Every structure is written in C-alpha cells, then in structure tokens.
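The values are calculated or read from the model by the stated rules, or taken from the named source; none is laboratory data. It should be emphasised that the depicted structure is a prediction, and the values quoted were computed from it without experimental measurement. With ideal geometry, Cβ positions are generated from the backbone for all residues, glycine too; neighbour counts draw on all protein chains shown. The area values use the complete protein model at the heavy-atom level, side chains included, leaving out ligands, DNA and RNA. Shrake-Rupley method; radii C 1.70, N 1.55, O 1.52, S 1.80 Å.
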Amino acid sequence: MKLFVSEGNPHCLKVLAALGVTGVQCDVQYVNHEERVVPFLSRPTLPALLLPSGLHLFSSNAICRYLFEVSGKDSSERCNQWLEWEATDLQPALLQALHMAVLQGKGSEVSKVLQGPLNYLDQSLSKGNTPYLTGEAVSVADVVLWAALYPILSDSSLALGECKSVKTWFDRGAAVMCSFQAAAQKVLQGKGLQGMKSYMQRQPAPQSSQCRDTQSCNSN
Amino acid sequence: MALRELSSLEKFLGLKKPNKYSTQGDKKVPVLQNNNGPPLVGLVTIACHLVKEAKRPELLGDSAESRAVVQQWLEHRVTKLDGCTKEDIKTILKDLNLYLQDKVYLAGNQFTLADTFMYYGIHPLIVDLAIQEKEQYMNVTRWFDHIQHYPGIRHHLPPVAVLRNRIYTGRHH
C-alpha cells in the first residue's frame with residue numbers, strides 16, 4: 001500500500017492526519033502537483049492511495065475512511081453524514097475561501113463565504129454536547145473536518161466570527177493529533193496559507209454560484 | 001430528482017414502508033426524519049442507511065477495499081457529476097471510460113450501490129450523447145446498458161437505446 005501526496009495541497013492534510021491517528025503502516029511518497037498518479041484520471045489528482053489489489057483511491061475522504069476501517073474503526077451513519085457534508089457543502093466554500101486568502105490577498109473577506117458552514121458546525125457541536133463530532137472518541141469525521149479546516153483555523157490573521165464550540169473542538173483535536181503537526185508543517189512548508197500558493201494557482205477558479213448555494217443552504 | 005432516486009432504491013431493496021422525505025436548501029438536499037435520533041441528511045448518507053435497513057450490506061462492498069471504492073464513486077456522483085459544466089462532461093466520461101475498461105461494475109465484479117447512483121446521475125448525460133459519442137465512450141455505454149437492464153434498477157428513468165451491434169462487434173481485435 002502506498003500513499004501519494006504533494007506539498008501545498010490541503011486535501012493531503014486529511015490523509016496524513018488519518019494515517020497519524022490510525023497508525024496504519026503505509027509508504028508515503030511526496031510527488032509533484034502535476035504528477036498523474038491515478039492512471040485513469042486526466043487531471044492530476046492527489047492524494048491517491050494505491051491499494052494492495054492494484055486499484056487506486058482518488059478521494060481523500062474515501063482514503064481516510066479506508067484507513068480507519070483497516071485499523072478496526074468502522075464509520076457510523078453520523079460519520080457518513082459529516083463526510084458527505086464536508087464534500088458537498090464545506091469544500092466548495094473552502095475552495096472559494098482559500099482562493100480569496102491565498103491568491104487574491106482578501107483574507108479579510110474569507111468569513112463571508114465560510115461563516116455559513118462554520119456556524120452550522122458550531123451549532124451541531126454545541127447541540128451534540130460531546131467532545132467530538134460523533135461522540136466521546138475521535139472518529140474519521142473529526143479527522144477529515146479538522147484537517148480540512150486546519151489551514152484556515154490555524155491562521156490567526158483571518159477574521160472569522162465567534163464560533164466558540166468550533167474553537168474548543170479544534171484545539172482539542174490539536175492536542176490529540178500531535179503527530180499530525182509535523183506532517184502539516186511539511187505539506188504547508190511552514191508557510192501557512194502561502195504554502196498552498198503554487199497548488200492553488202493550478203486549480204480552476206471556483207464558481208461563485210456554488211458558494212452562494214452553500215451559504216443559503218446552511219442558513220436554513 | 002434525488003427523492004425519486006431514493007424511492008426507486010426503496011423499491012429495488014424491497015422495503016415495504018416507503019419513507020417520507022423532505023429537502024433543505026437551494027440544492028434540495030434530501031432529509032429523512034429518523035424516529036431513533038436526529039434526521040439523516042444527504043443523498044449518499046440516506047441511501048447507505050436504506051441499504052443497511054434492508055440488510056443488504058453486500059451492496060456497500062464485501063471487503064474494506066471495495067467499500068472504499070463504493071464510497072468514492074458515491075462521493076464522485078454528488079460532488080463531480082451533480083452540477084457539472086459542459087466542459088466537465090467530456091472529462092468525466094473519458095475518465096470513467098478508461099476506468100471501466102477492465103471492469104464489469106464500478107467496484108469490480110460485484111454490483112453495488114455505486115453502480116445504481118452513478119447510473120442515475122449519468123443518465124441525463126447519456127441521453128444527450130450522439131451515436132458517435134456513445135461509440136467513443138464504449139465502456140461507459142456497455143456498463144450503462146448493463147445497469148439499466150439490471151433487475152429492478154431503472155424504475156423512474158426511461159431506457160436509453162445503445163447500439164448493441166456496433167458496440168459489441170468491430171473495435172475488438
């Protein structure tokens with residue numbers, strides 16, 4: 001089994017965090033952004049996991065779920081729901097936010113696109129009244145969301161509104177996933193958001209309509 | 001659309017009592033009220049829940065690897081296929097065509113929920129393809145035809161004619 005990641009790619013943070021938390025043994029290879037690891041995809045897609053069967057997984061969430069399952073932790077329905085929300089609602093908003101903060105130098109406007117999803121997460125955490133998203137223990141949902149939000153939440157220069165429960169949950173995660181900090185340093189090359197610049201420059205510009213949908217969806 | 005897919009899935013699974021769904025947001029994300037806890041939100045989440053309710057876990061994959069592959073294609077369906085632009089369509093079909101080159105189903109040799117929902121999602125794209133394009137994406141067309149003839153799957157969707165004689169002969173060496 002072999003995991004392919006690249007520097008500056010925020011999706012790679014998720015799988016490295018999952019690897020750290022689960023302790024699954026796996027080769028990790030850093031490759032260039034432009035490397036086409038998955039033979040059937042026309043666009044370079046990272047991270048990618050080469051499975052023992054020879055098949056490639058190309059979705060970071062599916063890779064994280066797999067790492068949890070082979071370490072004996074099946075994901076619950078609640079986890080599934082968070083992973084789906086992360087992929088369909090949070091990611092389009094995050095892409096837009098990173099585009100603004102990293103490429104356009106509009107860090108101050110990031111909260112416009114992210115406040116909706118962050119409020120939703122905050123409400124769920126405070127209503128759930130458990131230390132982690134799906135209960136008393138760290139699940140794949142915590143790892144995926146935590147790593148997805150890491151570049152934004154660990155940058156104190158971004159003006160984000162008060163989300164107390166999110167902050168408490170994020171800080172708790174930082175304590176649990178200490179092995180992850182080193183990997184995050186490597187992926188972001190110790191440069192925080194700017195470490196993603198060359199990756200972001202190669203991504204298609206986000207569609208603004210998607211982000212409008214995300215916002216209105218979460219305000220309901 | 002999503003609600004019709006869930007109702008077709010219920011019929012396929014043979015669930016006796018149809019569920020009542022609502023939707024939330026502009027994207028009309030399906031919501032299932034759950035007697036035992038908070039509501040379930042999202043097409044993939046609800047579909048996987050129905051499969052478990054019907055005690056058909058093999059539809060989610062029969063090994064850790066195939067379960068990961070199934071989840072990956074379900075995610076691909078709701079993130080890439082839904083709301084894709086005209087330019088995306090070609091890439092999606094080209095990549096899927098290459099992927100299916102040596103496979104009967106998305107998770108290999110076993111029919112899963114990934115086939116069902118990729119079929120539902122790709123149906124509008126296939127309807128619009130010209131004959132030449134159907135030939136260009138031969139593996140997709142073969143897989144699509146296979147799934148639309150799979151017992152109990154098609155339900156709310158009209159059948160799409162694919163030219164069997166031209167697809168199954170010729171091109172092979």
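Among the residues in the stretch B:82-95, are any out of contact with any Phe, Trp or Tyr (no Cβ under 9 Å at 6 or more places or on another chain), in a loop (DSSP other than H, G, I, E, B), surrounded by 14 or more Cβ atoms within 10 Å (Cβ to Cβ) and facing chain A (nearest Cβ under 10 Å)?
yes
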Original post:
Is it true that A:SER6 is under 19 Å from the mean Cα position of the chain (by Cα) and in contact (Cβ under 8 Å) with a residue 60 or more places away in the chain?
Top reply: yes
Original post:
Restricting to the stretch B:17-30, what's the tally of residues that are farther than 27 Å from B:GLN110 by Cα, part of a loop (DSSP other than H, G, I, E, B) and away from chain A (no Cβ under 11 Å)?
Top reply: 3
Original post:
Just one of B:GLY42, B:GLY37 is modelled with pLDDT under 95 and of a type in the set (Gly, Ala, Ser); which is it?
Top reply: B:GLY37
Original post:
Are there any pairs, at least 6 apart or on different chains, whose C-beta atoms fall under 7 Å, with the first in the stretch B:31-54 and within 10 Å of chain A (Cβ to nearest Cβ) and the second part of a loop (DSSP other than H, G, I, E, B), and if so, which?
Top reply: B:PRO39/B:GLN33; B:LEU40/B:ASN34
Original post:
If a residue has to be surrounded by fewer than 16 Cβ atoms within 10 Å (Cβ to Cβ) and in a loop (DSSP other than H, G, I, E, B) to count, how many in the stretch A:187-201 make the cut?
Top reply: 3
**OP:** Please verify whether the stretch B:138-159 includes one or more residues that are at pLDDT below 90, open to solvent by 10 Å² or more (accessible area, probe 1.4 Å) and assigned to a helix (DSSP H, G or I).
**Re:** no
**OP:** Go through the stretch B:2-30 and give me each residue that's of a type in the set (A, V, I, L, M) and in contact (Cβ under 8 Å) with a residue 40 or more places away in the chain.
**Re:** B:ALA2, B:LEU6, B:LEU9, B:LEU13
Original post:
Out of (1) under 18 Å from A:PRO204 (Cβ atoms); (2) surrounded by fewer than 19 Cβ atoms within 10 Å (Cβ to Cβ); (3) away from chain B (no Cβ under 14 Å), the odd one out for A:PRO44 is which?
Top reply: (3)
**OP:** Pull up the stretch B:55-76, narrow it to residues that are assigned to a helix (DSSP H, G or I) and polar (S, T, N, Q), then point me to the one that is farthest from the other protein chains (Cβ to nearest Cβ).
**Re:** B:SER66
Original post:
Looking at A:LEU67, is it more than 28 Å from B:LEU50 (Cβ to Cβ), part of a helix (DSSP H, G or I) and within 14 Å of another protein chain (Cβ to nearest Cβ)?
Top reply: no
**OP:** Considering each residue of the stretch A:136-186, count those that are assigned to a helix (DSSP H, G or I) and touching a residue at least 60 places away in the same chain (Cβ under 8 Å), and give that number.
**Re:** 16
Subject >> Conditions (1) at the interface with chain B (Cβ under 10 Å from one of its Cβ atoms); (2) within 30 Å of B:GLY37 (Cα to Cα); (3) small (Gly, Ala, Ser): number failed by A:SER76 >> reply: (1)
**OP:** Determine whether A:GLY8 is more than 10 Å from chain B (Cβ to nearest Cβ) and assigned to a loop (DSSP other than H, G, I, E, B).
**Re:** yes
Original post:
Inside the stretch B:1-31, can you point out the residues that are of a type in the set (A, V, I, L, M, F, W, C) and within 15 Å of the chain's Cα centre (by Cα)?
Top reply: B:MET1, B:ALA2, B:LEU3, B:LEU6, B:LEU9, B:PHE12, B:LEU13
**OP:** Go through (1) more than 9 Å from chain A (Cβ to nearest Cβ); (2) over 14 Å from the mean Cα position of the chain (by Cα) and name the single condition B:LEU113 misses.
**Re:** (2)
Subject >> Condition broken by A:GLU35, with the remaining ones in (1) modelled with pLDDT of 95 or more; (2) in a loop (DSSP other than H, G, I, E, B) satisfied >> reply: (1)
